[in-house]
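Remarks on the structure that follows.
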Amino acid sequence: MTYMYEYPEYLKIKLPKKISRRYPAYELYLYGEGNYAEENKNLLLTGIPVLFLPGNAGSYKQVRSLGSIALRKAEDIDFKYHFNFFSVNFNEELVALYGGSLQRQTRFVHECIKVILKLYKDREFAPSSVAIVGHSMGGLVARALLTLKNFKPELINLLITQATPHVAPVMPLDKYLTDFYTAVNNHWILKAQDVRNLTILSVAGGFRDYQVRSGLAFLPRSSQHNSALSVVSSAVPRAWASTDHLSIVWCKELILATIRAFFDLIDENTKQITDDPKKRLSVLNHHFVKHPAKLYAENPETLTELTGAFIWIKIKTSKWNYTVYNDTSSWIYGCVNSNSSMCLEGVDLSWKAELLPTVKAVTLKLQEYPFLSHLVVHVPSTNGNKFTLDCEFFKEDSRTVQLPVTHLFSFGLSSSKILLNSTGLIYNVQLQGFGQIYQAFKIYIEGQCQSPKERKHSIYRLHVPWSHEDLITVSKVPSLTEISAKLHIAQPENGSSVAVLNIYSTSYCQYEVTIKTSFLQVLGQLIRFHGGTLPVYVISNILLAYGGQLNTLILTGQCSDFALVLSRTARPYKVEPAVNIITFLLGFAWFKDVWDALFLPEMDAVVLNNQDVWFPLVSLILFFFGTGIAFWGGIFFSSSLRLLSSFWLAVTRPSGLPKDSRLVTPKRSCVTILLVFISWTTCGAFAILIIYLHYLFKVIKLHVNVRAEQRVLNAAPKHSKETSNNANKELIKNCHSVDRSGEAAKSLATSAAADEVVNSFNMHVTVIILLTWIMLLSFPSLIYWVKNLRYNIRLDPDPCRPMAIILVPALGILMNSSTTKVKSSKLLKIAAQFPLPLSVAVVAFGPMHLYREDVKVVRKARQTNQEQGKSETNSLPAPLFNMWKTVFLIFFTMLTLRGLVKGAPLRPEEKWKPLDNPRNRDLFFRTLQAYFSGRDLRKFPGTFSLNNDGSKPVTFYSDPIASAFADYEERKNSFPKYLRG
């Protein structure tokens, strides 16, 4: 954590009126403390400008850690050089979830840069460029500056980003966000010549950053842009620790490394940051990749005269150590004078050293220095801290061992072990087969020493040669140390390098290295890389459950509960084989040509395979996760409805079972028009929220009425049931005595109506569960609109507006429908076939979607950057966005499924078959028998026929029975006549 020794102050920079009117929500500030803040109130600035850009929901005050430490550093050198830190106030906008304001932020930053440079006009060392530090999405906004038409690339010389998702958005919920990423990344690939003089450093937070995984923070590689560097904070010298998404802004070790780099970048002649991109990259490598424990020097002297009164001790053994109470930065040399008993001139090899948490280590290959006769260790006689110097000569092969990693499906039951009897200082354990992001292991290192008197430090470093994501652990021997081994970036397809475990050991100690697969961490890697696609699989499961409800409605006339039908229909073999077969066929050129001719989008699984982030069985595992989330989400939703209905039942009196009414009325039409108007003039997500709450209220009210009626039926007198049973027995013996009392028939009619309402309730629960997910996905734009309501009442652009205009009328019809109307639809059987292909389509095109402004641009990008090719140009995943298209299709399909327009309910007289026909009467009585004996209509198919006398079959539907009892009161005078035939 960083500390401020004086109270931080933020001086608001006055912007031109034109800019203030165009961007009323944004502001520009200058950071200061104490006397420094007082001196800068007149804006007579003489320092080096640095602009800080906050990220998603970030504050402009987050600049204080950089500004405060830079101020203390300047005080230490008597303000020979100093920096002026500016910060932009983006009103804490949620730009990681809503991309509509990213272009606006980019244009405002451009204006801020011009205003900042004007503040230094007519100064002796006036800057011509600005350095930028961007946190989270602020780093992406800084990169987007180069996409502006009127922006000059020379206005930026250095860009440092902190936990910025450069490759793709974390949760791309709208088209504007993915289009922004496409424009930025394509520009940096196609226009690499324009950014060749810009040096950019990306620092990722590591595994503790649960918001932005570090793989997204690695800059897209380009063969024409070599001034880019990507590191993980756990590999940064003097930091060696992972940070979460917010603490990376104020982590003291990282801030110190950043400020040291800033001061080393200053050109003494111009008093500004150097214009040499090679020097800028060299400084960043010095502080963020490999630190030799020496102060940075642009052109270090390689040859050094070793003069003075020294005692020369010639070491003739291959291994030795020396303890002394001093310390120095230059400590190892190579002697180039072999004709003298003393070394008069040496090559400073200290620059080859590497700073580790408790040691400075250097490994030299003698074949690279054939001109050296001796290695000289310089031990001056200055007082300092006690340190021990250990040296040895060894063959590299003797210290390199191979350890194969365990299989993914060993589940930690098996392990690989190796025993190292250490007589040296370093061992390299090559982890064979470790190179995929879905692999995760636990490495146990047990150290035992022969002399347990003094516990010495051992350093274990997991080195990943294809990316800067090393993990360093320090332990005292003897001890048992556990290391988690997993990757941020997968091994390149044609790469031959291997992940290595470097053990900087203690002499005369024994190390046992054991590696096991960690199944929990494998699942963690799965969620880390693909957790954003889970809503796709949840919606796929909901569609399968909805299809199961329709099929049950056709077969039995009943609509099952959501959780029950989900457990019966959510089967991955219905979805995964179709997706895998299409993915396999897309590998053939002829099928790909047919696919493109049909203008179908590219399968997401193909693109993910090209990016090396899609591994076997990942879709199956995600499907099971989606099933679990959908199931328990349904249970939670049903429990919440039950709780809300209980509260409603306690404070109000139920109005009885709802009666079927017209789907479209003037009142409902007015409400629909009003909500469409609201979505057009304000925010689409706001209109969806209103219709969602209205729908939820109707479902709660429906549940209240059902519970009230069931309570009445359960409280009926016992003798009424006996009377009903006796009447049922008499009905079987003699049909003329069925109508024993109007009370029994009325009770049965009420029970049948209650059952129909329960079926309708189950149907509405499925719809509203799906609508709940839509609300969750549209909430970011709603929050953004609410926060900026004082600046503009209309959200522009609004990603939810087209969806709201379609959903509001559709839901207005759906919330007033019932299963009775659905069952009477002639399109029900056809419509029941739609949910399954829709579920397959969601999985096929939902996990990721690429948005390209022009196909030719992408092809040209692939030709320009052949190194990166398919993986980098197409690395703009947008999971969830094309689910909006799926949502439109779902609700249009629901309208078709129910046949609400053409499938109007039958007229009452059409519900009756003529009972003067003996066959119809026989069938009617048999149906009544089933009805009175428990209404087990599952024994009767949706349609069945009789052919007792050899005539044509007579078809009788089961659902008219319930409607017949519903009409009993209206037709009770004619009912006995129909029974008598």
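The values are calculated or read from the model by the stated rules, or taken from the named source; none is laboratory data. Keep in mind that what you see is a predicted model, and the values were worked out from it rather than measured. Because the Cβ atoms are built from the backbone with ideal geometry, glycine has one as well, and the counts that use them run over all protein chains shown.
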message = Restricting to the range 446-462, and then to whatever is modelled with pLDDT of 90 or more and farther than 21 Å from PHE519 by Cβ, can you tell me which residue is surrounded by the most Cβ atoms within 10 Å (Cβ to Cβ)?
response = TYR460
ask   = Restricting the range 592-618 to residues that are hydrophobic (A, V, I, L, M, F, W, C) and assigned to a loop (DSSP other than H, G, I, E, B), which is modelled with the highest pLDDT?
value = LEU598
Pairs, first within 18 Å of SER760 (Cα to Cα) in the range 819-830, second at pLDDT 75 or above and of a type in the set (S, T, N, Q), C-beta under 6 Å, six or more apart = THR819/ASN759; THR819/SER760
note = SER560 passes all but one of the listed conditions (1) outside any loop (DSSP other than H, G, I, E, B); (2) within 30 Å of GLU756 (Cα to Cα); the exception is number (1)
inquiry  = Between ILE629, ILE635, ILE621, which is part of a helix (DSSP H, G or I), assigned by TED's automatic domain parsing to the domain that holds ASN580 and surrounded by fewer than 15 Cβ atoms within 10 Å (Cβ to Cβ)?
reply    = ILE635
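Against the definition (at pLDDT below 90 and touching a strand residue (DSSP E or B) at 6+ places or on another chain (Cβ under 8 Å)), how does LYS442 come out, yes or no? First the steps, then the outcome.
On the way: at pLDDT below 90: no; touching a strand residue (DSSP E or B) at 6+ places or on another chain (Cβ under 8 Å): yes.
No: the conditions fail for LYS442.
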message = Looking only at strands (runs of 3 or more DSSP E) that lie completely in the range 466-527, which have at least 2 residues being of a type in the set (D, E, K, R) and more than 25 Å from the chain's Cα centre (by Cα)?
response = 509-517
ask   = How many residues does the range 784-804 contain that are aliphatic (A, V, I, L, M), surrounded by fewer than 16 Cβ atoms within 10 Å (Cβ to Cβ) and part of a helix (DSSP H, G or I)?
value = 1
Residue that is nearest to LYS395 (Cα to Cα), among those in the range 415-429 that are among the small types (Gly, Ala, Ser) and part of a strand (DSSP E or B) = SER422
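Looking at the range 24-40, which of the residues that are more than 17 Å from SER68 (Cα to Cα) and not in a strand (DSSP E or B) is modelled with the highest pLDDT? I'd like the intermediate steps shown before the answer.
So the first thing to find is which residues in the range 24-40 are more than 17 Å from SER68 (Cα to Cα), and the list is 24-28.
Okay, now just the ones that are also not in a strand (DSSP E or B), so 24-26.
Working: PRO24: 92, ALA25: 92, TYR26: 95.
Here the residue is TYR26.
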query = Are any of the residues in the range 2-9 farther than 30 Å from LYS175 by Cβ, at pLDDT below 90 and β-branched (Val, Ile, Thr)?
reply = yes
task = From TYR508, TYR504, grab the single residue that is at positive phi and touching a strand residue (DSSP E or B) at 6+ places or on another chain (Cβ under 9 Å).
result = TYR508
ask   = Any residue at all in the range 152-161 that is out of contact with any Gly (no Cβ under 6 Å at 6 or more places or on another chain), assigned by TED's automatic domain parsing to the domain that holds ARG196, more than 21 Å from VAL184 (Cβ to Cβ) and touching a residue at least 24 places away in the same chain (Cβ under 8 Å)?
value = no
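Residue under question is GLY531, and the condition is that it be under 30 Å from ASP174 (Cβ atoms), at pLDDT below 90 and surrounded by fewer than 20 Cβ atoms within 10 Å (Cβ to Cβ); does it hold?
Numbers: under 30 Å from ASP174 (Cβ atoms): yes; at pLDDT below 90: yes; surrounded by fewer than 20 Cβ atoms within 10 Å (Cβ to Cβ): yes.
So GLY531 passes the test.
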query = Can you pull out the residues in the range 108-125 that are surrounded by fewer than 20 Cβ atoms within 10 Å (Cβ to Cβ) and modelled with pLDDT of 90 or more?
reply = HIS110, GLU111, LYS114, VAL115, LEU117, LYS118, LEU119
remark   = Of the conditions (1) part of a loop (DSSP other than H, G, I, E, B); (2) closer than 26 Å to TRP188 by Cβ; (3) aliphatic (A, V, I, L, M), the single one that ALA257 does not satisfy is (1)
key: In the range 581-616, residue farthest from PHE409 (Cα to Cα) [restricted to those that are surrounded by 14 or more Cβ atoms within 10 Å (Cβ to Cβ) and free of Cβ contacts under 8 Å to residues at least 40 places away in the same chain]   = TRP595
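So that you can scan it fast, the table gives a plain yes or no per residue for (1) touching a helix residue (DSSP H, G or I) at 6+ places or on another chain (Cβ under 7 Å); (2) without any contact (Cβ under 8 Å) to a residue 24 or more places away in the chain:
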position	(1), (2)
GLU9	yes, no
LYS17	no, yes
ALA25	no, no
LYS41	no, no
LEU44	no, yes
LEU51	yes, no
LYS61	no, no
PHE85	yes, no
PHE90	yes, no
request  = Sort out which residues of the range 569-580 are part of a helix (DSSP H, G or I) and either surrounded by 13 or more Cβ atoms within 10 Å (Cβ to Cβ) or of a type in the set (Gly, Ala, Ser) (or both), and write them in order of number.
outcome  = THR569, PRO572, LYS574, GLU576, ALA578, VAL579, ASN580
